[in-house]
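Step one of this worksheet: look at the structure below.
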Amino acid sequence: GAGVSQTPSNKVTEKGKYVELRCDPISGHTALYWYRQSLGQGPEFLIYFQGTGAADDSGLPNDRFFAVRPEGSVSTLKIQRTERGDSAVYLCASSLGLAGTSQYFGPGTRLTVL
Amino acid sequence: ELKVEQNPLFLSMQEGKNYTIYCNYSTTSDRLYWYRQDPGKSLESLFVLLSNGAVKQEGRLMASLDTKARLSTLHITAAVHDLSATYFCAVDIHTGANSKLTFGKGITLSVRP
């Protein structure tokens, strides 16, 4: 079946602009996660949704970052007033939301802030 | 704060030989995951280890978990070029259905003839 998809695959923006990154999880997966991966590092947790609600947003670095999942499926990560330090690959993952189940990752969106 | 350490960070392996890589973590957990990442690609799930003493094997890779030592090992048998990639371990300290993975920095494996 189809895996996790993310759009766009690449996004180049200027400092100060607003961006939206989209994630389509695997059908039937109730849990959705956003991570950020910088070069040479492991993914860093940002936020986790169970259904429509954010169960844990403790990884969002500041209030410029916000994510929604209004219907419990597709999610959008929104970044306001982008800064050069926001440049990274943003990864989305989904899972069945059961204890100990694996998270399946999408291909990522590479964000470059000039 | 949970810390996940992997070592070594880079390993050059000779084809046909056996190797072991390590993942240490700082807080009690019995949920540990191994992922593989090829250059420019996303993460592929390899193993899910959910209890002390858990052992999983797939092909030339075998992963194990010692929750008392807070250590997971990934053993590679008779390395082949296809295993060249970066391998991440990730630890989940949440209970129940909640999940929040903390990843190590990854170990980059390179298999040479």
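The values are calculated or read from the model by the stated rules, or taken from the named source; none is laboratory data. Everything quoted here is computed from the prediction, not taken from an experiment. Because the Cβ atoms are built from the backbone with ideal geometry, glycine has one as well, and the counts that use them run over all protein chains shown. Keep in mind that these areas ignore ligands, DNA and RNA; they rest on the heavy atoms of the full protein, side chains included. Shrake-Rupley method; radii C 1.70, N 1.55, O 1.52, S 1.80 Å.
Counting the residues of the stretch B:41-94 that are among the hydroxyl-bearing types (Ser, Thr, Tyr) and open to solvent by less than 10 Å² (accessible area, probe 1.4 Å) gives 2. The single condition from (1) part of a strand (DSSP E or B); (2) within 9 Å of chain B (Cβ to nearest Cβ); (3) touching a His at 6+ places or on another chain (Cβ under 9 Å) that A:Ser94 fails is (2). From the list B:Lys41, B:Lys17, the one residue that fits, being part of a loop (DSSP other than H, G, I, E, B), more than 16 Å from B:Met62 (Cα to Cα) and not hydrophobic (A, V, I, L, M, F, W, C), is B:Lys41.
Among residues of the stretch A:52-67 that are within 12 Å of chain B (Cβ to nearest Cβ), those with a Cβ under 8 angstrom from a residue that is open to solvent by 60 Å² or more (accessible area, probe 1.4 Å), sequence gap 6+ or separate chain, pair up as A:Ala55/B:Asn98; A:Asp56/B:Asn98; A:Gly59/A:Glu44. Only strands (runs of 3 or more DSSP E) whose full extent lies in the stretch B:49-113 are considered here, and the ones with at least 3 residues that are at the interface with chain A (Cβ under 9 Å from one of its Cβ atoms) are B:85-92, B:101-103. Of everything in the stretch B:20-38, what is in a loop (DSSP other than H, G, I, E, B), crowded, with 17+ Cβ neighbours inside 10 Å and more than 10 Å from chain A (Cβ to nearest Cβ)? Give them in sequence order. Within the stretch B:20-38, B:Ser29 is the sole residue that qualifies.
Residue-by-condition table, conditions (1) in a loop (DSSP other than H, G, I, E, B); (2) in contact with a Phe, Trp or Tyr (Cβ under 6 Å, 6 or more places away or on another chain); (3) modelled with pLDDT of 95 or more:
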{"residue": "A:Val12", "(1), (2), (3)": "no, no, yes"}
{"residue": "A:Lys17", "(1), (2), (3)": "yes, no, yes"}
{"residue": "A:Tyr33", "(1), (2), (3)": "no, yes, yes"}
{"residue": "A:Phe49", "(1), (2), (3)": "no, no, no"}
{"residue": "A:Ala55", "(1), (2), (3)": "no, yes, no"}
